[in-house]
Amino acid sequence: MNDKFTRIGFILAVAGSAVGLGNAWKFPTLVGQNGGSAFILLYLLLTFLVSFVIFIGEITIGRLGESDPVDSYRRLAPSNKELWSKAGFLMITALLIYSFYSVVMGWILKYTATSIFSLPQNLDDSGAMFNALISNSPLVAIICFTIMSLVCFLIVSKGIKNGIERLNIWMMPSLFILLVLMVLYSASFDGFAQSAKFLLLPDFSALNSQSVLDALGLAFFTLSLGVTTILTYAASLPDRTNILTSSINIVLINVMIGVMMGLVVFTFIFEFNGDPAQSGPGLIFVSLAVLFSKLGFIGHILAFAFFLTLLFAAITSAISMIEPAVYYLVKSRAFSRAKACVAVFVFTYVLGIACILGYYGATSEYFVIAGQPFFDALDYLTSKILMPLGGLIIVIFVGYVIKKDGVYALLSPYMGDFGFKIWYFVLLRVVSPLAIFVIALRELGIVNFG
Ligand code: PHE
């Protein structure tokens, strides 16, 4: 069976993978902490100089290998095939990310379902409500997490065209429309002008070396890089797709949605004197929930729309995390799709439960790794170590291992000869590995430049 994406299906599916919780909470949080739009410019610069370069590298492996991650690396490596095939197991990184990501999806489901009826009236109540969910009564969190996991695996079990593509084709435009409506509505508040100023007028004095690293890490995470997701989707790329323009479109959609989410979030933060530098769950689940409640009835609708948008963004990303491993089991291990889904489900489900129990007061002491709750440890391991490692392997493999002719034949029709040379010799071979190397050292605390 030829289960390939259509061209638009491919763009929406990859954009769906890219646009996710990263845009909704990592992006606004980091923008808030780094003084607004100067950070966005930096993020764009690094996206185009580094992440986008690797992104095209990962598409190259998928497109030329036309198989699951392990087999694609094996087929393309000119020698040491078995050794290189191991790089395909970086698909496990995606499963580890999925394990905690799906827990957050469960929280979002809970907020989507309840925000229409009740919202916390003040910060204390809101904090208590969030705490109840994650640390006092894990049953609700477990139920919501289970529902979301079943939904995601059900979609993936239907395959590329009938499952993943079909979902993205309606969910991504719906997400976009919901977001546009929310941006338009936020524009009726005074806080909107402040929010736009904050996001669009650069203040370069707020940047420091940490901002550079944060921007690069974010650019990696939001583009779903280095975990074989892009590779796997690109293996089902229809013929004659313009890789360059599709990739540019995907990157632009990703940034645009991040900015739109930021506009909405900061409008309410400024309107009700919240703190723009607050981070992660605090920003979305605690502050925003209270801010929405101040708007009365319409606030409930808005909160519902907001959490639903997040849920859509998260689902389209989550399915892209499980597809590589499922595809591998089907293609290289002769599993049926249904059996592969069950196997991967069991693996991620156990880890997800460990994440939930790691936050639950009564069991938290048993689910600790290196002094951190299981959830945080997985987040750290994946985004600080495994993703950069995956990126580095892609750069080395495409830049130095695969024969250049094949890569040239694939990309030069879209990039031109000169464009290809810049991409290959300057950005891929030199700039990207250096950049990753520097973040890795810095993140691991081996070097510190203030
Ligand atoms: N890009 C997704 C986001 O921004 C996260 C993701 C990481 C998706 C890795 C797939 C693989 O939320």
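The values are calculated or read from the model by the stated rules, or taken from the named source; none is laboratory data. On a predicted model such as this, the values are computed, not experimentally measured, just so you know. Here Cβ is always computed from backbone atoms with ideal geometry, including for glycine, and neighbour counts include all displayed protein chains. For the accessible areas, the whole protein counts, side chains as well, though only heavy atoms, and no ligand, DNA or RNA atoms are used. Shrake-Rupley method; radii C 1.70, N 1.55, O 1.52, S 1.80 Å.
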Problem set entry | Flag for residue 332 being under 22 Å from residue 70 (Cβ atoms) and either polar (S, T, N, Q) or within 16 Å of the ligand (Cβ to nearest atom) (or both) | yes
Exercise. What number of residues in region 2-31 are over 19 Å from the mean Cα position of the chain (by Cα) and in contact (Cβ under 8 Å) with a residue 40 or more places away in the chain?
Worked result: 6
Exercise. From the list 14, 31, 70, which residue is of a type in the set (Val, Ile, Thr), farther than 23 Å from residue 262 by Cα and buried (at least 21 other Cβ atoms within 10 Å of the Cβ)?
Worked result: 70
Exercise. Looking at region 296-311, which of the residues that are surrounded by fewer than 24 Cβ atoms within 10 Å (Cβ to Cβ) and aromatic (Phe, Trp, Tyr) is farthest from residue 157 (Cα to Cα)?
Worked result: 297
Exercise. Filter region 1-11 for residues that are away from the ligand (no atom under 16 Å from the Cβ), of a type outside the set (D, E, K, R) and part of a helix (DSSP H, G or I); which is farthest from residue 158 (Cα to Cα)?
Worked result: 8
For this session: Could you look through region 74-103, keep only residues that are assigned to a loop (DSSP other than H, G, I, E, B) and either among the small types (Gly, Ala, Ser) or in contact with a Pro (Cβ under 6 Å, 6 or more places away or on another chain) (or both), and pick out the one that is farthest from residue 18 (Cα to Cα)?
Result: 79
Exercise. Does region 343-379 hold any residues that are surrounded by fewer than 16 Cβ atoms within 10 Å (Cβ to Cβ) and modelled with pLDDT of 95 or more, and which are they?
Worked result: 343, 346, 350
Seminar exercise, completed: Flagged in region 150-195 as among the β-branched types (Val, Ile, Thr) and in contact (Cβ under 8 Å) with a residue 12 or more places away in the chain, in numbering order, are 151, 155, 156, 160, 164, 169, 180, 183
Exercise. Just for region 380-423: of the residues that are modelled with pLDDT under 95 and polar (S, T, N, Q), which one is most open to solvent (accessible area, probe 1.4 Å)?
Worked result: 383
Seminar exercise, completed: Filter region 424-437 for residues that are open to solvent by less than 10 Å² (accessible area, probe 1.4 Å) and of a type in the set (A, V, I, L, M, F, W, C); the one that is nearest to residue 58 (Cα to Cα) is 428
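One line per residue, one yes/no per condition, for (1) more than 16 Å from the ligand (Cβ to nearest atom); (2) of a type outside the set (A, V, I, L, M); (3) touching a Gly at 6+ places or on another chain (Cβ under 6 Å); (4) not in a loop (DSSP other than H, G, I, E, B):
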site: 13; (1), (2), (3), (4): no, no, no, yes
site: 23; (1), (2), (3), (4): no, yes, yes, yes
site: 30; (1), (2), (3), (4): no, no, no, yes
site: 43; (1), (2), (3), (4): no, yes, no, yes
site: 49; (1), (2), (3), (4): yes, no, no, yes
site: 52; (1), (2), (3), (4): no, yes, no, yes
site: 58; (1), (2), (3), (4): no, yes, no, yes
site: 72; (1), (2), (3), (4): yes, yes, yes, yes
For this session: Tell me, please, whether a residue that is more than 21 Å from the chain's Cα centre (by Cα) and either open to solvent by less than 20 Å² (accessible area, probe 1.4 Å) or at positive phi (or both) can be found in region 248-263.
Result: no
Exercise. Here are some residues: 250, 243. Which one is among the hydrophobic types (A, V, I, L, M, F, W, C), within 12 Å of the ligand (Cβ to nearest atom) and closer than 24 Å to residue 59 by Cα?
Worked result: 250
